[in-house]
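The values are calculated or read from the model by the stated rules, or taken from the named source; none is laboratory data. Given the structure is predicted, the values throughout are model-derived calculations rather than measurements. Cβ placement follows ideal geometry from the backbone for every residue including glycine, while neighbour counts extend to all protein chains displayed.
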Amino acid sequence: MQELWAEYSLPGLFLSAFISSTLLPGGSEALLAWEVSQRGEWLLPVLVATAGNLLGSMLTFVMGVWLRRRYPLRILSERHRRAEQRLKRYGPAALLLAWLPIIGDPLCLVAGWIGFSWRSSVLLVGLGKLARYLAVAGLIQL
C-alpha cells in the first residue's frame, strides 16, 4: 500500500491543486502539508502543487476569455461591472492575489474576461500560488 501511495501521491496532489484552482472547491494545501510531512522534503511537492494550481487558474482565465467572446458586455450585472472596474484599476498585479480563497478564482475569470495579457497573468498568478505553497511547506518544516 505504501508503494502504491508513493507512486500516485504526486499525481493526486497535482489533480487536487488543479481542481482547487478552478471554480470548484478543494483543499490542496492540506494534501501538500501531508505530502511534505510524509516525504520529509518540500521542493517537488511544492512545484507539483504550484503547477497544478497554476494550470487550473489559467483554465479559469481561458473560460473568462471564452465567456467574453460568447456573451458580450451587455449581460453584466452591476456587481460584475464593479468587479471588472476594480480589477482594471489595479491591473494585472491584482493577480498576485489569485491564491486567496473565494476571490482568487473569480479574479482569474475576470482577468480573462477583460483581456489581461496571458504572459503577465501566468507569471503573476504563478508567483502568488508559489508563495502560498512555499508558506504551507515552510510551516510544515518548522
- Task: Output the number of the condition that L59 fails; it satisfies all remaining conditions of (1) out of contact with any Leu (no Cβ under 7 Å at 6 or more places or on another chain); (2) surrounded by 18 or more Cβ atoms within 10 Å (Cβ to Cβ); (3) in a helix (DSSP H, G or I).
- Result: (2)
- Task: Search segment 8-33 for residues being out of contact with any Ser or Thr (no Cβ under 8 Å at 6 or more places or on another chain) and of a type in the set (S, T, Y), and hand back the single one that is surrounded by the fewest Cβ atoms within 10 Å (Cβ to Cβ).
- Result: Y8
- Query: Does S16 satisfy the criteria of being of a type in the set (S, T, N, Q), in a helix (DSSP H, G or I) and more than 10 Å from the chain's Cα centre (by Cα)?
  - Reply: yes
- Just one listed residue, out of A131, A93, is surrounded by fewer than 19 Cβ atoms within 10 Å (Cβ to Cβ), under 22 Å from L43 (Cα atoms) and of a type in the set (G, A, S), and it is A131
- Task: Exactly one condition in (1) modelled with pLDDT under 95; (2) farther than 15 Å from I140 by Cβ is not met by A17; state its number.
- Result: (1)
- Message: For the structure I just gave you, tell me whether V36 is surrounded by 13 or more Cβ atoms within 10 Å (Cβ to Cβ), in a helix (DSSP H, G or I) and either of a type in the set (S, T, N, Q) or more than 18 Å from the chain's Cα centre (by Cα) (or both).
- Response: yes
- Item | Whichever residue in segment 58-97 is over 17 Å from S117 (Cβ atoms) and small (G, A, S) and, among such residues, is modelled with the lowest pLDDT | S77
- Query: What is the one condition in (1) surrounded by fewer than 14 Cβ atoms within 10 Å (Cβ to Cβ); (2) closer than 30 Å to Y8 by Cα; (3) of a type in the set (S, T, N, Q) that S117 does not satisfy?
  - Reply: (2)
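Taking segment 99-116 on its own, how many of its residues are aliphatic (A, V, I, L, M) and in contact (Cβ under 8 Å) with a residue 60 or more places away in the chain?
Of segment 99-116, the ones aliphatic (A, V, I, L, M) are 100, 102-103, 107, 109-111, 114.
Pick out the ones that are also in contact (Cβ under 8 Å) with a residue 60 or more places away in the chain and you get 109.
Number of matching residues: 1.
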- Message: Condition first: without any contact (Cβ under 8 Å) to a residue 12 or more places away in the chain and either part of a helix (DSSP H, G or I) or surrounded by 13 or more Cβ atoms within 10 Å (Cβ to Cβ) (or both). Now tell me which residues in segment 39-53 satisfy that.
- Response: R39, L43, L47
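How about segment 13-48: which of its residues are small (G, A, S) and touching a Lys or Arg at 6+ places or on another chain (Cβ under 8 Å)? Before you say what the answer is, go through the steps one by one.
Start the filter on segment 13-48 by keeping residues that are small (G, A, S), which leaves 16-17, 20-21, 26-28, 30, 33, 37, 40.
Once the filter is applied, which keeps residues that are small (G, A, S) and touching a Lys or Arg at 6+ places or on another chain (Cβ under 8 Å), segment 13-48 yields only S21.
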